[in-house]
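Student: Sharing a structure with you now.
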Amino acid sequence: MKSRDRDLVGAGAIFVAAMAYFASFAPWTRPVLLDAATWDYMALETARGLVPYRDVFLHKTPGAALLGAVAARIGMATAIEPVLAVHALSLVFGALAAVLLFALCRTRLPLGVSLAAAVGLFAYDEWVVSALEGCSPKVATVMFGLASMLAAERGAAFSSSVLGGCSVLCWQPGLAFLLGSWAAILRRGERRPLGLLAIAAASLIPSIALLSWFAAHGALRDFFDQAVLFNLQYIDTKARTPLGTLRALTRTIGEWNDIETLLAPAAIAGLVLGRRLAPGGSHVRLPVSLVVYGLIYGGMTFVSYQSWPDAILLGPIVAALLATGLWSLLRLRLSDFAAAAAVVAVLALAAIPGARPRFHPPVDFSEQRERFAQLAAGLSPSDRVISVSVPEFLIHTGLRNGWKWPYLWFGVDSFAADHTDGGFDGILGDLDRSPPALMLVGRLWAGPERARFEQWAAGRYEIRSVRIFPHVKRPLRMYRLKG
């Protein structure tokens, strides 16, 4: 077969294998949970007419929610459970990213090593969990980012810049992929000032289209306040110190699967020794776009790193380094083909899921739906309900949050007070004027505003703790209006 034919067969095999791998986790029976469920809810309500930022607070760029809304509309039109249609799109993005990583590596690396890199993406637990859990902005960010870098490495500069702009619209740190793409464009020899200006301008096309839509719906100022100013304020006041970031990254690395952790030192040794001892001086290099994005996003983690989901964007560079390093080490003793086959086999073994609870949730979708539906018993469609960090309740009951604030942690409560007439007193006054029949408050909201909320609710609501997955270690608080 010709080289291009082998690449097409490899790409097709990766996609089919990835979807089969996802199917092994019974994705249609998995419960919805936590941050991913927040984005599921955003997608569902956007499909029903909600406008992000204007109608609901959102501190990330909205690309994933808008794409999820398209999937939800398709689900509504075809009698498919809308939230499961949203999840299906995430799985497709997860599989496409592996194909794109393979194609990107093929611009510089041998076929077997590129296949190993694609397999290595599924040995990266954070990637698999994120794709399985639903409408993840980070999966979409990576998918568009890899497409952008692939286009750049193949000389399609304009398309690359547009795709990079789409990556940024899914999550702001998608900028790392865009800059990686521009590095590849410069390496290919583009130096004309007008050409570079046109390429840079192309990255703004998705943003201009989105901002025009927001302007037409009266959400432009809200977008700027929430997606820009809130994040600048957060970084300034609540970002970790460099030492704190190192500790958080160390915890994340400690949660990787054991095989992947054991392989990392061997891969590092291969990257060092392979450079010095490669047979016949045939040492291989990663695509420049992949290296630049990895360095830039690695630096970004020291600006703001919260927990394991922020490591998802490291998946492609980790997978590529593992594949290249292990192959470089093994080929010192084996043939190139045998070394590549061994690396593919080892990384496929590493992709076998471990015992992490997120791979194997203790309840299924229908059981979770029944439990949350019980909380809504006795409510009428006109009753106001409020959910704070409990998007699972809204998804399973089909109710819309009676509050603009889907979560109130990490300074969102202060932001809400600053953007409400009368401050936090104004927020409580709104609840007095239109008392919710039911309120649910989940994890992480703490601080003086929470204390004031509890004091306000104490005389008005019957309050109890409820444990429904995933709100088990931190049970949610249920407030039912007295009388």
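Laboratory data are not the source of any read-out in this text; all were calculated from the coordinates shown. Here the structure is a predicted model, which is why all the values come from computation and not from measurement. We place every Cβ from the backbone using ideal geometry, glycine too, and count neighbours over all the protein chains shown.
Student: Output the 0 to 90 degree angle, nearest 10, between the alpha-carbon long axis of helix 336-350 and the longest principal axis computed from the alpha carbons of the chain.
Tutor: Once rounded, one gets 20 degrees.
Student: How much length, in nm to one decimal, is gained on full extension between Leu204 and Gln233, taken as 0.36 nm per residue of separation minus their Cα-Cα distance?
Tutor: Taking Leu204 through Gln233 to full extension adds about 8.0 nm, to one decimal.
Student: Using helices alone, what [θ] at 222 nm do you get for the chain, with -39,500 (n - 2.57) per DSSP H run of 4 or more residues, divided over all residues and rounded to the nearest 500?
Tutor: That calculation yields -19500 deg cm²/dmol at 222 nm.
Student: Enter the angle in degrees (range 0 to 90, nearest 10) between the Cα long axis of helix 175-187 and the first principal axis of the Cα atoms of the chain, meaning the one along which they spread out most.
Tutor: 30 degrees
Student: Aspartates and glutamates near Lys60 by alpha-carbon distance under 13 Å, same-chain residues fewer than 8 away left out - which ones?
Tutor: Those aspartates and glutamates meeting the cut-off are Asp35, Asp222, Asp225, Asp310.
Student: Further question: Report the extension gain between Arg188 and Leu246 in nm, rounded to one decimal, defined as 0.36 nm multiplied by the number of residues separating them, less their alpha carbon distance.
Tutor: 17.4 nm
Student: Now for a different question. Of the listed values (1) 22, 59, 19, 0; (2) 22, 42, 25, 10, 1, 0; (3) 22, 54, 21, 2, 0, identify the label whose number matches P(r) over Cα pairs in 20 Å bins from 0, in percent calculated from this model.
Tutor: (3)
Student: Give, as a single signed number, the net charge of other residues whose beta carbon lies under 10 Å from the beta carbon of Thr107, with Lys and Arg counted +1 and Asp and Glu -1.
Tutor: With Lys, Arg at +1 and Asp, Glu at -1, the neighbours total +2.
Student: Around Arg467, what is the net charge, scoring Lys/Arg as +1 and Asp/Glu as -1 over all other residues with Cβ under 15 Å from its Cβ?
Tutor: +3
Student: Taking every DSSP beta bridge with both residues inside the chain, roughly what % is antiparallel (nearest 5)?
Tutor: Given both bridge residues lie in the chain, the antiparallel proportion sits at roughly 70 percent.
Student: Give the angle, between 0 and 90 degrees and rounded to the nearest 10, that separates the Cα long axis of helix 193-202 from the longest principal axis of the Cα atoms of the chain.
Tutor: For 193-202 against the chain, the angle is about 40 degrees.
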